[in-house]
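The values are calculated or read from the model by the stated rules, or taken from the named source; none is laboratory data. Predicted, not measured: the structure shown is a model, and the values here were computed from it. Don't worry about glycine lacking a Cβ; one is built from the backbone with ideal geometry, like all the others, and counts go over all protein chains shown.
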Amino acid sequence: MKVGIAAPVTLSLLTPHLDGQPEVGDGYAFAPMARWILGLRDRGHEVSVFTLSPDCQEPQSYSGPGLSVHVAPYRRNGRARDAFLAERQHLAQLMRLNPQEVWHAHWTYEFALAALAISRRIVVTAHDSPFDVLRYHPSPYRAVRLGMAAQVARQAPVLSAVSPYIAQRLSRGFGRRHLPIVPNGVPSEVLSQPAAAPGRPGPVTFASSMMGFGGIKNGRVLLEAFAQVQRGHPQVRLLAFGDGYEAGGEAEQYARHLGLVSGIEFAGRVPYTELLRRLREEAHVLVHSSLEESFGMAIAEAMGLGLPVIAGEKSGAVPWVTANGWAARLVDVRDSGAVAAAMLRLERSAGERELLGLLARRFIADHFSLRRQLEGYEELYERVKKP
């Protein structure tokens, strides 16, 4: 089947599979998307990717065995003033030049609107709730994106969700009933390699991996909880990965202002393979303080590595992804004391860390594998192919 994927993607993960090397950096980066795309190709589909990059001045196309990549410009500023019109037009132009049997747009914004402008054989996957994003990050930009999502919800022939939580939120907000749920798949490289050893002896290293510090990501509580733990256990460490957690970034500035930097490595964004390696080799526990997750890829990936996770008991899809706490420790992440208490409990018990890690890896392998995700996509593709 010829499948067109319209989505953000980390381009460097696809370039080894192309004859030419895109000279546009990582583009509109989202690492898991590349694994999903390559998974579809490996299942025998001919996949064309349509994405955006702020380093791209003119539309560009590249090809390789069973895969092509088409990159359109992405403005660094002023995108919301015209509801991403320029980006949508560039994408639609590339799509018309490269027709597909079915289209699959990810997120309910510019990628979906571009695909809907050229075809009705389209699946749109919702990866977030625009109502909740606007609630936690109120701004004209987010309000515009909510309007874009409303338009997509009205027009999309098939609108799927990555979790029951997102399906429920979109059903309530947009009146779309019975949304099919296709969970995100944890890349095979996470589950195929040896598991982490969270019960290993030595000072405990906590880790976090979040894209953003303030608002919905609630990074302040993470740092405050770690400081409480470290006061009685000065040997513990925290590895902080993700945007906003780089050296000199927003998280470190907050920590320095309150004198909380001891024992923290502000690692920031690192290449995906390096992130997996460091989590597997160095971390004992992942702490995820986010107030809301539509799915929680960072949580699922850590669990797939065999790491115990501390996360929010009311944080959107988090309870679902963690088997309602059977494979994790769920707490009130608005309360730094509650987060610190869970961290201390796991710091003191190597046996509990080992058991939780084992349960977590098994649960992810059984429920959120890449194979299950791609099979779910294929069922939706067959649905939209029908006249």
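Structure notes:
- Any hit, region 267-274, residues being closer than 20 Å to residue 309 by Cβ, surrounded by 18 or more Cβ atoms within 10 Å (Cβ to Cβ) and small (Gly, Ala, Ser): yes
- Of all the listed residues (345, 353), the sole one being buried (at least 20 other Cβ atoms within 10 Å of the Cβ) and of a type in the set (D, E, K, R) is 353.
- Residue ID - nearest to residue 299 (Cα to Cα), chosen from residues in region 192-206 that are surrounded by fewer than 20 Cβ atoms within 10 Å (Cβ to Cβ) and among the hydrophobic types (A, V, I, L, M, F, W, C): 195
- Selection count, region 321-378, where residues are of a type in the set (Asp, Glu), over 21 Å from residue 304 (Cβ atoms) and outside any loop (DSSP other than H, G, I, E, B): 2
- In region 10-56, the residue that is farthest from residue 109 (Cα to Cα) out of those that are modelled with pLDDT of 95 or more, touching a helix residue (DSSP H, G or I) at 6+ places or on another chain (Cβ under 8 Å) and of a type in the set (Val, Ile, Thr) is 47.
- Residue identified as in the same structural domain as residue 374 (by TED's automatic domain parsing) and not β-branched (Val, Ile, Thr) among 193, 168: 168
- Residue ID - surrounded by the fewest Cβ atoms within 10 Å (Cβ to Cβ), chosen from residues in region 13-44 that are in a helix (DSSP H, G or I) and free of Cβ contacts under 8 Å to residues at least 60 places away in the same chain: 16
- From the list 48, 53, 63, 68, the lone residue that is farther than 26 Å from residue 162 by Cα and either assigned by TED's automatic domain parsing to the domain that holds residue 140 or out of contact with any Gly (no Cβ under 7 Å at 6 or more places or on another chain) (or both) is 63.
- All positions within region 231-280 that are of a type in the set (S, T, N, Q) and either at pLDDT 95 or above or assigned to a strand (DSSP E or B) (or both): 235, 253
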